[in-house]
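Peer 1: Structure below; questions to follow.
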Amino acid sequence: MKIGEIWTNLGSITASIMFVYAMFDKFFPPHLRRYFLKYTNKFTSLLYPYIQITFHELSGDHLKRSQTYKTIQTYLSANSSQSARRLKAEVIQDSQNPLVLSMDDNQEIIDEFNGIKVWWSANHTISKSQSFSFYPTSDEKRFLTLTFHKRNRDVITTSYIQHVLAEGKAITTENRQLKLYTNNPSKEWMRYMSTKWSHTTFEHPARFETLAMEPEKKEEIINDLLKFKEGKEYYTKVGKAWKRGYLLFGPPGTGKSTMISAIANFMNYDVYDLELTVVKDNNELKRLLIETSNKSIIVIEDIDCSLDLTGQRKMKKEKDDDENEEKKKLVEKAKGEEKNESKLTLSGLLNFIDGIWSACGGERIIIFTTNFVDKLDPALIRRGRMDKHIEMSYCGYEAFKVLARNYLDVESHDELFPVIGKLLGETNMTPADVAENLMPKSITQNFETCLKKLIQSLEEAKKKVVEEEAKKKVEEEEEEAKKKAEEEEARVKEEKEKQVIAQEEENVKANENSKENGFKD
């Protein structure tokens, strides 16, 4: 049979089928058609042992995009779309991989789960009806279809679908772009398209691997973070909100802000930088807390300088008036940045951290930083609020080796490293100062030049410390000599006074004796 005859016969058969279907659709009553389709489907199901589940892109009254559809699409894009011949490109915002490829319409891909084969297909329909809606949408409706053998129904509808959703969520979390938020003044909240938090992309490169810190302390912090991240059931069991507080304290330049960035990148959490000076009252603080997301870090940096709510509550008048005056100046400076005086209180901040409102959401880390931990109110940093206190100290030898590897790609040096280690043990230098000395300033500087420059800086710092100690010793000796001189002067003065008093007593006694002798005569 020729090809032309085949196509002629196929066209005739197709035309006949369409004619029969048109007659059926036009002349058969609706109830007979329903019965016919019902029993036809039953007969077909006996011959077709597969089940189909449909996941629509749009759902709800307002036809919003289904989160389940997006999650499944992410899973298929990452795990199975390599087998599709036609791909569809989509730009995803706030993702480390903004261009996502997925299977195009009318494509089918195969997935396998515990030895069970399933088929996923992408389809779409075009609505023929016209309707008026306040929420206009496209007439094109997309959906994903999952096909599997009916003998695997229990496994697919429970384990496999849960596996797909869990994997899709994990991929979304891993690929999302972290954000850095800051709170807006409340006077801007009512403006059009305004939000309580403004954000930008968080791109700080800090990692625990590059963090200048003693390895034991670094490992302790990492284990604590991992335990917290996996502790949802544990926190529920003990009846606590799923949150954890960290207090970072130490001199300026010891890496407190870098530690926050390293924690954010390690946990893959967004960062909310809370500026207390623009928060008017406790109610605004609660509203800001509600607007933060789960899997986030809420940071209050330099909390001892933020507002007048971190000083210790005084049971008696402070003896040091100078320190009190300095604290007042810091408070006035902070208040001067805002025309309206803040009514935020220590009680409001404590409730924000550890009160009822702190349970609005989960998997949050709250971090305070301060240069002067002694100035903070004990109620603010007690265990249970700030669960872990981390001292960011001066640079030690192990921390220096991390910085040398980061800045110079040097692991060791037989001559210079021991000298640097000895000097670091004899003087205090912050990691920021060490890093500044290690950073090459020109193309002519090599790693040995930078190491020698650090040694020079450490020797100068050591010399300065020695000079300060000598000066302090001289001042103490002078003060001691002055004190002894004053004591000697006071003793001499006291002796003179005693002699004067004794002389006066003798004179009085002599006068009395002369008077008695004259009276007798």
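Peer 1: Would you check the accessible area of E512, probe 1.4 Å, heavy atoms only, in square angstrom rounded to 10?
Peer 2: 100 Å²
Peer 1: If you don't mind, another one. Taking 19 Å as the cut-off for C-alpha to C-alpha distance, list the pairs among K240/K388; K169/K196; K70/K141; K196/K280 that go past it. Walk me through the intermediate numbers first.
Peer 2: Working: K240/K388 16 Å; K169/K196 27 Å; K70/K141 14 Å; K196/K280 13 Å.
With Cα atoms farther than 19 Å apart: K169/K196.
Peer 1: Turning to a different aspect of this structure: Hey, can you grab everything whose amide H is under 5 Å from the amide H of S66? Only 5+ residues off in sequence or another chain; H modelled, so Pro and N-termini drop out.
Peer 2: Under 5 Å from the amide H of S66 lie the amide H atoms of L58, S59, each far enough along the sequence or on another chain.
Peer 1: Which ³J(HN,Hα) values, rounded to whole Hz and listed in residue order, are derived for region 399-408 from phi using the Karplus coefficients 6.51, -1.76 and 1.60 in 6.51 cos²θ - 1.76 cosθ + 1.60 with θ = phi - 60°, glycine and proline given as x?
Peer 2: Taking θ as phi minus 60°, the curve returns 5, 4, 5, 5, 5, 4, 5, 5, 8, 10 Hz for region 399-408.
Peer 1: Tell me, what is the per residue accessible area of region 427-504 in Å², probe radius 1.4 Å?
Peer 2: Ligands and nucleic acids excluded, the figure is 77 Å² per residue.
Peer 1: Filter K232/K286; K473/K496; K422/K472; K227/K256; K218/K243; K401/K473 down to the pairs with a C-alpha to C-alpha distance above 29 Å, please. Kindly include the intermediate steps, with their values, before the conclusion.
Peer 2: Values: K232/K286 23 Å; K473/K496 34 Å; K422/K472 24 Å; K227/K256 22 Å; K218/K243 20 Å; K401/K473 34 Å.
Beyond 29 Å between Cα atoms: K473/K496; K401/K473.
Peer 1: For region 374-418, run through the GluC sites (Glu not before Pro) and keep only the ones in DSSP coil with at most 11 other Cβ atoms within 10 Å of their Cβ.
Peer 2: Working: sites: E391, E398, E411, E415; in loops: E411, E415.
Counting only loop positions with at most 11 other Cβ atoms within 10 Å, the GluC sites (Glu not before Pro) in region 374-418 are E411, E415.
Peer 1: What FRET efficiency comes out for the pair A461/K232, r = Cβ-Cβ distance, R0 = 56 Å, nearest 0.05?
Peer 2: On the way: r = 47 Å, r/R0 = 0.84.
Efficiency at R0 = 56 Å is approximately 0.75.
Peer 1: Roll a 1.4 Å probe over the protein heavy atoms and report the accessible area of Y272 in Å², nearest 10.
Peer 2: Near enough 10 Å² of accessible area.
Peer 1: Using only protein heavy atoms and a 1.4 Å probe, report how much of I161 is accessible, in Å² to the nearest 10.
Peer 2: Here the accessible area works out near 30 Å².
Peer 1: Running Debye on region 352-458 with equal point scatterers at the Cα sites and no solvent, what base-10 log of I(q)/I(0) appears at q = 0.09, 0.16 Å⁻¹?
Peer 2: -0.40, -0.76
Peer 1: OK, next. Can you give me the distance in nm between label points at Y48 and N294, each placed 7 Å from the Cα along the Cα-to-Cβ direction?
Peer 2: So the two model labels end up 3.9 nm from each other.
Peer 1: Please calculate how many Å² of accessible area region 141-251 carries per residue, with a 1.4 Å probe and no DNA, RNA or ligand atoms counted.
Peer 2: Details: 6690 Å² over 111 residues.
With all protein chains present, region 141-251 gives 60 Å² per residue.
Peer 1: Let me check something: with ligands and nucleic acids excluded, how do R153, R364 order by accessible area (1.4 Å probe), largest to smallest? Don't jump to the answer; show the numbers that get you there.
Peer 2: On the way: R153 135, R364 10 Å².
In descending accessible area the options line up as R153, R364.
Peer 1: Starting from 0.36 nm per residue, how many nanometres of slack lie between T14 and T277 once their C-alpha separation is accounted for? Can you show the working numbers first?
Peer 2: Numbers: separation 263, 0.36 × 263 = 94.68 nm, distance 7.68 nm.
Working it through step by step, the gained length comes to 87.0 nm.
The values are calculated or read from the model by the stated rules, or taken from the named source; none is laboratory data. Small disclaimer: the values here were computed from a predicted structure and weren't measured. FYI the Cβ positions are ideal-geometry reconstructions off the backbone, even for glycines, and counts take in every protein chain you see. All accessible areas refer to the heavy atoms of the entire protein, side chains included, with ligands and DNA or RNA removed. Shrake-Rupley method; radii C 1.70, N 1.55, O 1.52, S 1.80 Å.
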